[in-house]
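Peer 1: Structure in structure tokens, see below.
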Amino acid sequence: MADLTPEKLFELTGETVAYTPPRRHFADLSLPERIESDAKARALLVSLLDDAQRADYTADGTFWVDLADGSRIQLGVLYRQVQELPTGPVARREMCVVPVQDLSTTPVADIWTNLLLVLQSNPEEFLSVANVWTEERRSAEDLARLDRAEAERHPERRLTERQLADKIRPLIAAGELGLASDLEAELARRLVRRGRYSMAVRCGVGAGALAVATDADAASPNAEPERRSTIALATSLAPWLGSEAGLLDRLINATHRRLEIGLPDVRRGEADRRVDEFHRRLGNIVALSAPRSRRRPPPG
Amino acid sequence: MPAIRILDSTGDTVIEWSTHDPHSVERARRTFCQLHDREGRIAFAVPPTGTAGDSVQIREFDPTSPDDVLFVRPLQGG
């Protein structure tokens, strides 16, 4: 019995309960208790919001979450989330997504924290379970006008994959790293759509790495080593990803965040912190992918 | 000090751990196993000063990480 540690006991029985939920639901608490719980839940939610989201939430209790595909979803109204899509035949959707729980269990702000985290990390999962109530479609004229405007805004989208690839290297050589990064990101998106994930990883992270290099002059003296190590990391990552589109999307989202660093008012410390964060996220993705290596081990 | 935060009727229950305190690490690890492996909740690592955009879904407990671990529930259509 002397060897029966709590850890072994847990492994043997699986019965040890480390967390017991409070006995009473939020709705059953007294008013002062509800006020206290609600304040805690709101504080947690607000700590997870960015500045714009926080301002919106403080003003009217709702906030928008921007997705990588250019659409955005509004959270803050129970049973009614709104998605606005900037392109395509559907302009707006109203839907309902809730956590799998009795909604009276927690303060309502916890519901937004729950939806926010899942939506931000896995929008496909969020949208796949959503119960869509209404869809507002664009007229043919609006659709044509949007397509024209989109084509003017993103001339690279008219290029073929080969043309994109051919343009990137000369742009890098000419020091046009920002534009090269845009083209590489576009190439990565195309490759994702065609299911060429390993190549897309290289391009997606390459785009992010170029963005790091673009920031370098103003932001970080270590940009070139950062760029090299990021590309090396991405290359080592590719075989692990297989066809995990969700992981890849997250990776490409991370590269998009790299592009944000280029803002002129960003401070060097903040840029360095984000570079570290970017690498940490990549490390986490490697860790997430690792168990799958039994099916598909990386070469070497 | 990093912590596991579980959304519940109190707002959230916080279970902190420190690598200097093996008991706190063991409790956090068991909590993680209970909620993730047995109850099917979803775990996110959130950096101390990060927003939801910086969070990453995790499947294993890493006591050496400085990030908080926030447990939420799976979603369904309403």
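Peer 1: Order by neighbour count: A:I168, B:I15, A:I73, fewest other Cβ atoms within 10 Å first, most last.
Peer 2: In increasing order of surrounding Cβ atoms, one gets B:I15, A:I168, A:I73.
Peer 1: A follow-up question, please. Consider a paramagnetic label point 7 Å from the Cα of A:W133 along Cα→Cβ; state which residues of region A:47-78 have an amide N under 11 Å from it.
Peer 2: A:77-78
Peer 1: Can you give the local net charge around A:G76? Use residues other than it whose beta-carbon is closer than 10 angstrom to its beta-carbon, Lys and Arg +1, Asp and Glu -1.
Peer 2: After counting each charged neighbour, the total is -1.
Peer 1: Turning to a different aspect of this structure: To the nearest 20 Debye, how big is the dipole of region A:24-137 about its Cα centre, given +1 on the beta carbon of each Lys and Arg and -1 on that of each Asp and Glu?
Peer 2: About 120 debye.
Peer 1: Could you go through region B:20-30 in sequence order and give the Karplus-derived ³J(HN,Hα) for each residue, using 6.51 cos²θ - 1.76 cosθ + 1.60 with θ = phi - 60°, rounded to whole Hz, and x for Gly and Pro?
Peer 2: Residue by residue, region B:20-30 yields 7, 10, x, 5, 5, 5, 5, 5, 5, 5, 5 Hz.
Peer 1: Please state the charge dipole magnitude for region B:3-72, taken about the Cα centre, from unit charges on C-beta atoms (+1 on K and R, -1 on D and E), reported in debye and rounded to the nearest 20.
Peer 2: Result for region B:3-72 is approximately 200 debye, rounded to the nearest 20.
Peer 1: With just the Cα atoms defining each centre, how far is region A:117-176 from region B:16-66? Give it in Å.
Peer 2: Rounded to whole Å, the Cα centres lie 35 Å apart.
Peer 1: A follow-up question, please. How many nm separate the modelled label positions at A:D66 and A:L179, each set 7 Å beyond the Cα in the direction of the Cβ?
Peer 2: Computed distance between label sites A:D66 and A:L179 equals 2.3 nm.
Peer 1: Test of understanding: ordering A:W112, A:W64 by Cβ neighbours within 10 Å, fewest first, what list do you get?
Peer 2: By the 10 Å Cβ count, ascending, the order reads A:W64, A:W112.
Peer 1: Tell me the label-point distance for the pair A:E156, A:V108, using the 7 Å Cα-to-Cβ offset, in nm and rounded to one decimal.
Peer 2: Reported label-point gap for A:E156 and A:V108 is 4.2 nm.
Peer 1: With 10 angstrom as the radius, rank A:L75, A:L67, A:L117, A:L103 by how many other C-beta atoms surround their C-beta, starting from the fewest.
Peer 2: So the ranking, lowest neighbour count to highest, is A:L103, A:L67, A:L117, A:L75.
Read-outs throughout are calculated quantities, based only on the coordinates presented, and are distinct from any laboratory measurement. As the structure is a computational prediction, the values presented were derived from the model and not from experiment. Heads up, the Cβs are rebuilt from the backbone with ideal geometry, glycines too, and the neighbour counts pull from every protein chain shown.
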